[in-house]
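Presented below is the structure to which this report refers.
Nothing in this text is a laboratory measurement; each read-out follows from the coordinates by a stated rule. If you're wondering where the values come from, they're calculated on a predicted model, not measured in any experiment. Here the Cβ positions follow ideal geometry from the backbone for every residue, glycine too, while neighbour counts run over all protein chains shown.
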Amino acid sequence: MTFPANESSTERLLTVTGMMRVPSPRLEMFVLRDFLSAEECAALVARIERERRPSTLADADGDHYFRTSETCDLPMDEPDVVALDQKLSALSGIDRQFGEPIQGQRYDVGQEFKAHTDFFDPGGVDYARFCSVAGQRTWTFMVYLNDVEAGGATRFKVIDKTIQPERGKLVCWNNRRADGSGNPCTLHHAMKVRKGLKYVITKWYREKAWG
């Protein structure tokens, strides 16, 4: 079966050895353990530590504590980041040109990202700014880089699914319904870390070529 260069699918992802689909008819979401090695995770954690900055939001809606993590923008021209991007592209089947730059996130004790969706609200104040060139976000691919001592899970409230952080584990989901509109069932909460630190990387894909 041939898929568009800007699209992944359930059929493709389930051909990957070890890929598990989250059993819900309300969204397409998958989990794959050991997507990244311990060495790959350690190198990414070190980079995030060196280059982190306060995380930002497209629309905080007045809540200054909505997202309290720190972010690292991975340099997409460096060989190790290129290799990571190629690995994600090979897994997803989505051509690299449709991907945003990869982000790293660091959560300290008490930090979180409250319940949100990754797609942009078409009625939101910043929709035109963020979607006028590359279109809407389609798929999210996120990888945990370490085992967290306590807390730090990702909770998908609508489907009552909580995913625990585990070094190297990848979680991915389609941000859309079958008709292409944003799927509110992808609402998720990066819950507070209670002990230790939490590191993740996130790759978002778009409808059109990035930039």
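Remarks
- Phi-based couplings in Hz for region 166-173 (Karplus 6.51, -1.76, 1.60; Gly and Pro marked x): 8, 3, x, 6, 9, 10, 9, 7
- Three semi-axes describe the equivalent ellipsoid of region 10-206; taken as square roots of 5 times the Cα gyration tensor eigenvalues and ordered largest first, they are 22, 21, 19 Å.
- Region 117-181-region 1-25 distance, computed between alpha-carbon centres (Å): 16
- Residues in region 176-211 reached by a label modelled at Gln164 [backbone nitrogen below 20 Å; 7 Å Cα→Cβ]: 189-201
- Each Lys and Arg adds +1 at its Cβ and each Asp and Glu adds -1 at its Cβ; summed about the Cα centre, region 23-159 shows a dipole of about 360 debye.
- Beta bridge orientation in region 10-206: antiparallel %, DSSP, nearest 5: 100
- This ranking places Ser24, Ser92, Ser69 by how few other beta-carbon atoms lie within 10 Å of each, fewest first, which gives Ser24, Ser69, Ser92.
- In sequence order, calculated HN-Hα J values of region 33-44 (Karplus, 6.51, -1.76, 1.60; Hz; x Gly/Pro): 7, 6, 5, 10, 6, 4, 5, 5, 5, 4, 5, 5
- Candidate cross-link partners of Lys114 among the lysines, defined by an alpha-carbon separation under 26 Å and a same-chain spacing of 8 or more, comprise Lys157, Lys161, Lys169, Lys192, Lys195, Lys198, Lys203.
- Cα-based reach from Lys208 at 14 Å (exclusive), listing aspartates and glutamates while leaving out same-chain residues under 8 positions away: Glu7, Asp95, Glu100
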